[in-house]
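A short write-up of the structure that comes next.
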Amino acid sequence: MSPKYALKTYLYVAIQGVLGHDKRSVGGVHFGNFIEALEEIGFVKIGEASSVGVTLRPEPGMYGTDEDLFVTLPACANSWWDHEYNMVAEILRGNYGITATDFIEIPEDVDMAGVGFAIPDLA
């Protein structure tokens with residue numbers, strides 16, 4: 001499957017840490033960067049983050065479901081451990097069809113309009 005999204009390194013590492021267990025995220029995925037990565041690929045925060053977690057909604061028609069995604073806050077500030085995000089990874093794969101192979105990494109020094117962009121399906 002060809003990539004659908006290109007994200008700058010810090011966002012790529014965060015989403016790959018959850019979906020593909022990127023070795024650069026050993027010691028915990030940065031939660032804030034992960035939420036920002038989701039926003040870059042079409043999720044919108046619903047309201048303010050609560051003391052328990054963040055609710056995001058996919059943009060209409062983007063993922064074949066309008067089901068909200070609730071992401072529980074990590075126990076330790078922004079350091080999010082695999083036992084905390086494994087369920088989110090399964091929901092992203094199962095409900096939204098998002099996998100690690102959907103992404104490519106863009107170096108931090110590349111000047112882009114915005115942080116991420118979609119790659120059209122050429123099939």
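The values are calculated or read from the model by the stated rules, or taken from the named source; none is laboratory data. Only a predicted model underlies this, so the values are computations on that prediction, with no experimental measurement involved. For neighbour counting, all protein chains shown are included, and Cβ atoms are generated from backbone atoms with ideal geometry for every residue, glycine included. With ligands, DNA and RNA removed, areas are computed over all heavy atoms of the protein, side chains included. Shrake-Rupley method; radii C 1.70, N 1.55, O 1.52, S 1.80 Å.
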**Study point:** Those residues of the range 32-55 which are part of a helix (DSSP H, G or I) and either touching a helix residue (DSSP H, G or I) at 6+ places or on another chain (Cβ under 8 Å) or among the basic types (K, R) (or both), in sequence order
**Key:** N33, F34, E36, A37, L38, E40
Check your understanding: Only one of (1) at pLDDT below 90; (2) under 19 Å from I41 (Cα atoms); (3) assigned to a loop (DSSP other than H, G, I, E, B); (4) open to solvent by less than 50 Å² (accessible area, probe 1.4 Å) fails for M62. Which number is that?
Key -> (4)
Practice item. Being open to solvent by less than 30 Å² (accessible area, probe 1.4 Å), more than 15 Å from K4 (Cβ to Cβ) and outside any helix (DSSP H, G or I) is the filter here, so list the residues in the range 66-105 that pass it. Key: L69, V71, P74, W80
